[in-house]
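The values are calculated or read from the model by the stated rules, or taken from the named source; none is laboratory data. On a predicted model such as this, the values are computed, not experimentally measured, just so you know. Ideal geometry is used to build each Cβ from the backbone, glycine not excepted, and the neighbour counts take in all protein chains shown.
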Amino acid sequence: MDIKEGKHSILMVSDFFYPNFGGVENHIYLLSQCLLKLGHKVVVMTHAYANRSGVRYMTNGLKVYYVPWKPFLMQNTLPTFYGTLPIIRTILIREKISLVHGHQAFSTLCHEALMHARTMGYKVIFTDHSLYGFSDIGSIHMNKVLQFTLADVTQAICVSHTSKENTVLRSGLPPEKVFVIPNAVDTTMFKPAPERLSMDPIVIVVISRLVYRKGADLLVEVIPEVCHLYPNVRFIIGGDGPKRVRLEEMREKHSLQDRVDMLGAVPHAKVRSVLNSGHIFLNSSLTEAFCIAILEAASCGLLTVSTRVGGVPEVLPDDMIVLAKPDPSDMVHAIKKAIRILPHIDPQEMHRRMKEMYSWHDVAKRTEIVYDRALRCSNQTLLERLPRYLTCGAWAGKLFCLVMIIDFILWRLLQLWQPDSEVEPVPDFKRTELKRG
Amino acid sequence: MQPGFDDNHTDDTFLQEMVMNANVVKRDMLKVMLDSVSISQYLCIVALVVLVWAHTLNSTITENFLIILDITLVGSGFFILLLTAKMLSFKLLLNYAIKISFFTTGLYVLSPIYHTLTRSISSDSIWALTTSLVILHLFLHNYSGSTIKAPGALENPNLTSNISLNASIVASLLIASRLPSRLLVFAIILFSLQVFLFAPLITYCLKKYSFRLHLLFSFVLMALTLTCVYRLHKLLFVVLLGLLVFVNLVCPYWLIRIQEYKFEINGPWDEAKLCFNITD
């Protein structure tokens, strides 16, 4: 047995993974890398992307199963309730998994995997990365599905305290089951420029998807006002999206072509160089569970101006961020304050503080505590688990119970057809440490 | 991130900033019942239109009666508008008169086409289609305002009110195509279009002018409709009476009963609302 004592085999499941880039994707990848360094075994499962289907290996032997299901809506696989049961069972037995960790409430593959893993008796953990509302029809359905999945989850993780409150309200979980582990940033990749930029012109950087949710409309109101008040301020806007047209129109209308640069979509590798060309980072999102973009900016030594929404106030200490209401005049006021305190900011000092406060190794250690806690929970049979689903609602509770019973029956049938002993387990290979000469 | 605390530590500040039921309006039974009178008023108007259609198809009403009815409706509509909306400009009235005469002439010229529109379709299909269209019209109708923009109305018509208006117009055309003579076709289409296009506007102006007048008008209308339907068909009378009782008495009580289950949650996790309008 090559897995040492106290080390776990973890299956990360989500619809969102490399080759897509985003908050959830980076979180899964970096967390997996740090867990590998701590000695655990990590396997990732996601759906196939274009031609990328089958098994792939990433850095440090991270094995990724690109299950051949094509995404059908916004990167999600088609939700067939029991269709993923055989493949998940095969992966769990082959890789000798001890617990399953699902990410993102919006991912259908995650919900199905957690459901099947619970049926087969594995411990499951769920991490929620976003905030959702309660009143529109999409959120109501999503919350019901979440209630189903979280009715029987072993432990849950949220990325901020606001996110914890939101998840507890949406799913009815007891708050003691929810752990708050914030995201982190790779400070070795995001370093400030070696030489301090000159203060004239002052450059304000915006990097985000240009959609309604990220406050692109606020930018359209704020940028002309700031350019009018401060003749020596320039803007750099990176990112693409449906609202790009409105920003271009704003540029034309106020003749700001030489003061506002629109870079289009910025690949992840180039984000650092764009950040290093600025002094201030502006984030105008209307809702954010935990904003990693702000961490990246602070790690590069930029002063942040952001809207006070969701979990943003929990991210940075008060001297590294200026918060404003999501209102154009308040944001202009905040930018004025930021420009005033800019000379007192030292980018290298900021970077050093960020290195101490946020690191993915810390996140991995705290996640490990959650895993240990989960594995110490008792095993429960189907009959002991069913009453938890009944609390989900008068009609929904009975429906969910029925779904789980059918899942259980299908699992037993699958075991009769292809017994556990016939599934070939994957041999573990030793990773030899490279000798540094 | 606080040293010395577990990651799943929950203290007193948990859910402290949650606000419950911030936007919920406490409803009063009497007010809800009075508001539901506008719904039953419109139901009665549509019932009267269907009555006129039924009598015309039975040849109980003659063409002359219909033409006189049309002119009376136009006259009284204008009278009420003048009384309530106070738009007394002569130029505007002339403008309206010209538009109305164009419309009427166009309708008269097109009535031969409507006369033979559904000649090849069986009667059963027509009755079924008309019934479903009228039900659709009632279902999607905007009871709080008027699809034709009234002077001083706040909002633009939305998709469902447009669909309901179209359904009613198509229903009147289908019924008209079943009639024997062209003059009848012209008269019935003119009558139906007048009611469906302008009745919401007139009732809206009336309601804005004086609530008592609105209530009086509604009760008179309900009494008139019930008597006419009683004379036509007893079962339909029972159905209409049941519907009116349901809308005016049962529904307000039900609404107030289930209002106590309302649970609206707001907090720092909500998406921020922009305080300005996005002009494209």
Within region A:300-315, the count of residues that are over 18 Å from the mean Cα position of the chain (by Cα) and within 22 Å of A:Arg272 (Cβ to Cβ) comes to 7
Per the filter on region B:1-33, residues aliphatic (A, V, I, L, M) and more than 11 Å from chain A (Cβ to nearest Cβ) are B:Val19, B:Ala22, B:Val24, B:Val25, B:Met29, B:Leu30, B:Val32, B:Met33
Any residue in region B:2-9 that is outside any helix (DSSP H, G or I) and among the polar types (S, T, N, Q)?
yes
Do we find a residue being away from chain B (no Cβ under 13 Å) and either within 20 Å of A:Met45 (Cβ to Cβ) or assigned to a loop (DSSP other than H, G, I, E, B) (or both) anywhere in region A:178-185?
yes
When A:Ile91 is evaluated against the numbered criteria (1) assigned to a helix (DSSP H, G or I); (2) surrounded by fewer than 19 Cβ atoms within 10 Å (Cβ to Cβ), which criterion, by number, is the only one it fails?
(2)
May I ask you to verify whether A:Ser139 is within 14 Å of another protein chain (Cβ to nearest Cβ), among the polar types (S, T, N, Q), out of contact with any Leu (no Cβ under 9 Å at 6 or more places or on another chain) and not in a helix (DSSP H, G or I)?
no
Boolean, A:Ala338 is out of contact with any Pro (no Cβ under 9 Å at 6 or more places or on another chain), part of a helix (DSSP H, G or I), buried (at least 17 other Cβ atoms within 10 Å of the Cβ) and away from chain B (no Cβ under 14 Å):
yes
Restricting attention to region A:55-63, does a residue exist that is crowded, with 23+ Cβ neighbours inside 10 Å and within 20 Å of the chain's Cα centre (by Cα)?
no
Can you tell me which residue in region A:302-318 is surrounded by the fewest Cβ atoms within 10 Å (Cβ to Cβ), limited to those that are of a type outside the set (S, T, N, Q) and under 20 Å from A:Leu263 (Cβ atoms)?
A:Val305
Answer yes or no: is there a residue in region B:93-107 that is in contact (Cβ under 8 Å) with a residue 60 or more places away in the chain and out of contact with any helix residue (DSSP H, G or I) (no Cβ under 9 Å at 6 or more places or on another chain).
no
Looking at this structure, is A:Leu414 farther than 30 Å from A:Met320 by Cα, hydrophobic (A, V, I, L, M, F, W, C), surrounded by 10 or more Cβ atoms within 10 Å (Cβ to Cβ) and out of contact with any helix residue (DSSP H, G or I) (no Cβ under 8 Å at 6 or more places or on another chain)?
no
In region A:94-112, how many are of a type in the set (D, E, K, R) and part of a loop (DSSP other than H, G, I, E, B)?
2
Tabulated pairs, region A:33-50, first in contact (Cβ under 8 Å) with a residue 40 or more places away in the chain, second crowded, with 19+ Cβ neighbours inside 10 Å and of a type in the set (Lys, Arg), C-beta under 9 angstrom, 6+ apart or interchain
A:Leu35/A:Lys41
Condition check for A:Tyr122: touching a residue at least 24 places away in the same chain (Cβ under 8 Å) and either surrounded by fewer than 21 Cβ atoms within 10 Å (Cβ to Cβ) or over 15 Å from A:Phe106 (Cα atoms) (or both)
yes
Is there a residue being out of contact with any helix residue (DSSP H, G or I) (no Cβ under 7 Å at 6 or more places or on another chain), within 14 Å of chain B (Cβ to nearest Cβ) and free of Cβ contacts under 8 Å to residues at least 24 places away in the same chain anywhere in region A:127-135?
yes
Quick check on region B:73-81. Is at least one of its residues within 14 Å of chain A (Cβ to nearest Cβ) and surrounded by fewer than 11 Cβ atoms within 10 Å (Cβ to Cβ)?
no
Which members of region A:60-72 meet the condition of being more than 16 Å from A:Glu112 (Cα to Cα) and at pLDDT below 90?
A:Asn60, A:Gly61
Unique residue being of a type outside the set (Ser, Thr, Tyr), farther than 26 Å from A:Pro79 by Cβ and surrounded by 15 or more Cβ atoms within 10 Å (Cβ to Cβ) when the list is A:Arg376, A:Arg385, A:Arg353
A:Arg353
Helices (runs of 4 or more DSSP H) enclosed by region A:357-431 - at least 3 residues per element that are among the polar types (S, T, N, Q) and either more than 14 Å from chain B (Cβ to nearest Cβ) or out of contact with any Asp or Glu (no Cβ under 7 Å at 6 or more places or on another chain) (or both):
none
Check on A:Phe72, more than 23 Å from A:Thr391 (Cβ to Cβ) and free of Cβ contacts under 8 Å to residues at least 12 places away in the same chain:
yes
If you go through region A:151-170 one residue at a time, do you hit one that is more than 14 Å from every other protein chain (Cβ to nearest Cβ), in contact with a helix residue (DSSP H, G or I) (Cβ under 8 Å, 6 or more places away or on another chain) and among the aliphatic types (A, V, I, L, M)?
yes
Just give me the residues in region A:138-169 being charged (D, E, K, R), under 21 Å from B:Phe14 (Cβ atoms) and surrounded by fewer than 22 Cβ atoms within 10 Å (Cβ to Cβ), in sequence order.
none
Return the only residue of A:Phe16, A:Phe21, A:Phe81 being assigned to a loop (DSSP other than H, G, I, E, B) and buried (at least 19 other Cβ atoms within 10 Å of the Cβ).
A:Phe16
